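Worksheet: one structure, shown below.
The values are calculated or read from the model by the stated rules, or taken from the named source; none is laboratory data. Since this is a predicted model, take the numbers as computed values, not measurements. Cβ: placed from backbone, ideal geometry, glycine included. Neighbour counts: every protein chain shown. Heavy atoms of the whole protein, side chains included, go into the accessibility calculation; ligands, DNA and RNA do not. Shrake-Rupley method; radii C 1.70, N 1.55, O 1.52, S 1.80 Å.
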Amino acid sequence: MNRDLSLVRSVIVRAPNWIGDAVMATPTLSALRAGCPHASITVLAKSAVADVLAHHPAITDFVIDETPGRHAGPGGRLRLAQAVRARRFDAGLLLTNSFGSALVLALARIPIRVGYRTDGRAWCLTVPLPVPPRSRTPHMTEYYLHLVAPWNLVGDPRAVSLTVTDREREAARARLVGWGVAAGEAVVAMNPGAAYGSAKRWPPDRFAELARRLTRDGVRVLLVGSAAERPIGAVIGAGLGAGVLDAMGRTTLREAMALLTCCRRVVTNDSGPMHVATALGVPVTAIFGPTDARVTGPIGERVTRLRHPVECSPCRYRECPIDHGCMTGVTVEEVYESAISS
């Protein structure tokens, strides 16, 4: 592999499919931009990931993987590969581990294709890298950064970053005013869902009690999440009236991101919004149970990680088969103390 990035004029980066993983890959994007400041960097991603990464200073352009949709199935993969091939990229970087993602770049005939040799796809890559031992990449940010080591690039694994524009932030402030939030009034966001599964969710009744305590203190509570998680929001907001602002499923991703920047703190399960808030510089209280915060936890000085140690955690199960003690052991009091801290 030619290590001279000055010869690379265009790179395509296949982003992870989960929002949280994509955020943890932003230090790699920044390292790549630093290494080839004059090259175009295009990100191939699902539409939701592209929305979250929009306006990132390392990214020049996007190609959207419409799966499900016109890029699904063998014919769809071929159409996507043809679209990528038409752009004549000099190099491709795979942040995904799947065979299918590597096959697309191989069919696109990109001269340099870097990725981990997982899922039987080594023959699709020109630079197939062994997966580093866990001792060398304790966190996912380092796992992604290891992929640019063949170019002699070194990034800061703590430098997760996302961008919200001034216009988006102004629109978010105007929306809060429309919801009756006065200038200077404290707002704490809550993200009570988790797409991965119920095992990662702190119980809704705990979130409800936390919301009652915060609204009693004069703090407005902003609920964020998907439309599918609205029943959880209904449990939390019951009886609290205007003290709770329910934005679950009622904003775009970009609008939700901008709203988070207006909050004093975000209380969240281990999920995509947790990583988004951290990358935007918002103080975060993250509640962990079945997953390992050392591997996928939010990074930053303004982060508080709360967990209740049990023998079976981390198990990484989507649904808890026993008593969910890792999550029920986290008390309302300790989350409240973190939520009201500055």
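Worth a mention:
- Pair list, Cβ under 8 Å, 6 or more apart: the range 106-118 residue open to solvent by 80 Å² or more (accessible area, probe 1.4 Å), other residue assigned to a strand (DSSP E or B): P111/A91; R117/P128; R117/L129
Residue by residue, here is whether (1) touching a strand residue (DSSP E or B) at 6+ places or on another chain (Cβ under 7 Å); (2) loosely packed, with under 14 Cβ neighbours inside 10 Å; (3) of a type in the set (D, E, K, R) holds:
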{"position": "L53", "(1), (2), (3)": "yes, no, no"}
{"position": "A91", "(1), (2), (3)": "yes, no, no"}
{"position": "A102", "(1), (2), (3)": "yes, no, no"}
{"position": "L125", "(1), (2), (3)": "yes, no, no"}
{"position": "S135", "(1), (2), (3)": "no, yes, no"}
{"position": "E142", "(1), (2), (3)": "no, no, yes"}
{"position": "V154", "(1), (2), (3)": "no, yes, no"}
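- Candidates A242, A227, A199, filtered to the one that is touching a Gly at 6+ places or on another chain (Cβ under 7 Å), hydrophobic (A, V, I, L, M, F, W, C), open to solvent by 60 Å² or more (accessible area, probe 1.4 Å) and at pLDDT below 95: A242
- Selected residue (criterion: farthest from V303 (Cα to Cα)) from residues of the range 248-269 that are out of contact with any Asp or Glu (no Cβ under 8 Å at 6 or more places or on another chain) and surrounded by fewer than 21 Cβ atoms within 10 Å (Cβ to Cβ): R250
- Single condition A34 does not satisfy, out of (1) open to solvent by 70 Å² or more (accessible area, probe 1.4 Å); (2) free of Cβ contacts under 8 Å to residues at least 12 places away in the same chain: (2)
- Residues satisfying the stated conditions in the range 198-250, i.e. of a type in the set (G, A, S), closer than 16 Å to M274 by Cβ and part of a helix (DSSP H, G or I): A199
- Residues that are under 28 Å from E337 (Cβ atoms) and open to solvent by 40 Å² or more (accessible area, probe 1.4 Å) within the range 174-194 comprise W179, G180, A182, A183, G184, E185, listed in sequence order.
- The conditions of being open to solvent by 20 Å² or more (accessible area, probe 1.4 Å), free of Cβ contacts under 8 Å to residues at least 40 places away in the same chain and either out of contact with any Cys (no Cβ under 7 Å at 6 or more places or on another chain) or part of a helix (DSSP H, G or I) (or both) are met by E301.
- Count of the range 283-297 residues which are in contact (Cβ under 8 Å) with a residue 60 or more places away in the chain and part of a loop (DSSP other than H, G, I, E, B): 4
- Listed by first and then second residue, the pairs linking a residue in the range 84-99 that is over 18 Å from L32 (Cβ atoms) to a residue that is assigned to a helix (DSSP H, G or I), with Cβ atoms under 9 Å apart and 6 or more places separating them unless they lie on different chains, are R85/L107; F99/C124.
- Qualifying residue in the range 150-172 (condition: outside any loop (DSSP other than H, G, I, E, B) and within 24 Å of A91 (Cβ to Cβ)): yes
- Close pairs (6 angstrom Cβ cut-off, 6 or more residues apart or separate chains): buried (at least 16 other Cβ atoms within 10 Å of the Cβ) in the range 306-331, part of a loop (DSSP other than H, G, I, E, B) and aromatic (F, W, Y) anywhere: M327/W202
- Strands (runs of 3 or more DSSP E) enclosed by the range 45-120 - at least 2 residues per element that are closer than 26 Å to L253 by Cα and modelled with pLDDT of 95 or more: 61-64, 91-94
- Pair list, Cβ < 9 Å and 6+ apart or interchain, from the range 213-224 residues that are of a type in the set (K, R) to residues that are assigned to a strand (DSSP E or B) and at pLDDT 95 or above: R220/V187; R220/V188; R220/V244; R220/L245
- Residue within the range 25-34 that is under 17 Å from L107 (Cα atoms) and outside any helix (DSSP H, G or I) present: no
- The one condition in (1) within 26 Å of T252 (Cα to Cα); (2) in contact (Cβ under 8 Å) with a residue 40 or more places away in the chain; (3) open to solvent by less than 20 Å² (accessible area, probe 1.4 Å); (4) not small (G, A, S) that L280 fails to fulfil: (3)
- Residues that are among the acidic types (D, E) and in contact with a helix residue (DSSP H, G or I) (Cβ under 6 Å, 6 or more places away or on another chain), drawn from the range 75-127: D119
- Hits in the range 315-342 (condition: closer than 10 Å to W202 by Cβ and touching a Lys or Arg at 6+ places or on another chain (Cβ under 6 Å)): V332
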